[in-house]
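Data block below; observations after.
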Amino acid sequence: SFSEAEVQSARGAWEKIYVDAEDNGTAVLIRMFTEHPDTKSYFTHFKGMDSAEEMKQSDQVRGHGKRVFTAINDMVQHLDNTEAFLGILNPLGQKHATQLKIDPKNFRIICDIILQLMEEKFGGDCKTSFEKVTNEICTHLTNIYK
Ligand code: HEM
């Protein structure tokens with residue numbers, strides 16, 4: 001669980017990147033798709049996935065980037081309430097495990113890209129403040145597969 005100070009600094013860090021949720025969520029997805037092209041195999045129903053330039057224009061990629069960031073934002077609002085935090089994360093994890101069949105190694109990949117983007121845009125303190133959140137998300141998502 002998170003201390004009050006951890007909750008505050010994680011929220012502060014997240015707010016910086018969430019202000020531009022669609023652009024930053026899209027940037028995270030594009031980096032995942034280009035640096036780990038196997039992740040595109042889950043999105044065969046998305047059109048215009050051949051280059052970063054195409055992806056940037058894609059309503060499907062943009063919509064999904066926004067959706068992923070909105071889900072994380074909901075979790076960030078409940079860092080001080082484990083039950084509520086897991087109430088958001090567990091059903092999402094179930095869907096990724098059973099219906100979407102996402103290889104859980106990809107959760108660490110997308111979380112590391114979020115941290116990388118935070119560091120590039122807002123500096124090392126921003127990244128450090130959010131690391132515990134991404135660790136919790138990855139740990140719980142991966143545990144659902146066990
Ligand atoms: C769908 C969040 C990681 C692949 C979704 C949805 C959300 C979401 C909110 C929509 C769920 C719904 O419609 O009920 C997240 C979060 C992640 C994460 C918060 C990690 C921090 C991943 C990863 C992959 C992935 C790593 C694959 C590499 C998908 C796919 C869909 C989906 C294929 C369905 C997309 C569609 O058909 O529109 N995710 N996701 N997700 N996610 Fe994730």
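Descriptive notes on the structure:
- Those residues of the range 10-50 which are polar (S, T, N, Q) and either open to solvent by 50 Å² or more (accessible area, probe 1.4 Å) or modelled with pLDDT under 95 (or both), in sequence order: THR34, SER41, THR44
- Condition check for CYS138 on (1) open to solvent by 30 Å² or more (accessible area, probe 1.4 Å); (2) within 15 Å of the chain's Cα centre (by Cα); (3) within 14 Å of the ligand (Cβ to nearest atom); (4) not small (Gly, Ala, Ser): one failure, at (1).
- Residue within the range 110-122 that is near the ligand (Cβ under 9 Å from one of its atoms), open to solvent by 20 Å² or more (accessible area, probe 1.4 Å) and over 18 Å from GLU4 (Cα atoms) present: yes
- Of all residues in the range 56-86 being outside any loop (DSSP other than H, G, I, E, B) and more than 14 Å from the ligand (Cβ to nearest atom), the one that is least open to solvent (accessible area, probe 1.4 Å): ALA84
The values are calculated or read from the model by the stated rules, or taken from the named source; none is laboratory data. Everything numeric in this text was worked out from a predicted model, so none of it was measured. With ideal geometry, Cβ positions are generated from the backbone for all residues, glycine too; neighbour counts draw on all protein chains shown. Accessible surface areas use protein heavy atoms only, side chains included; no ligands, DNA or RNA. Shrake-Rupley method; radii C 1.70, N 1.55, O 1.52, S 1.80 Å.
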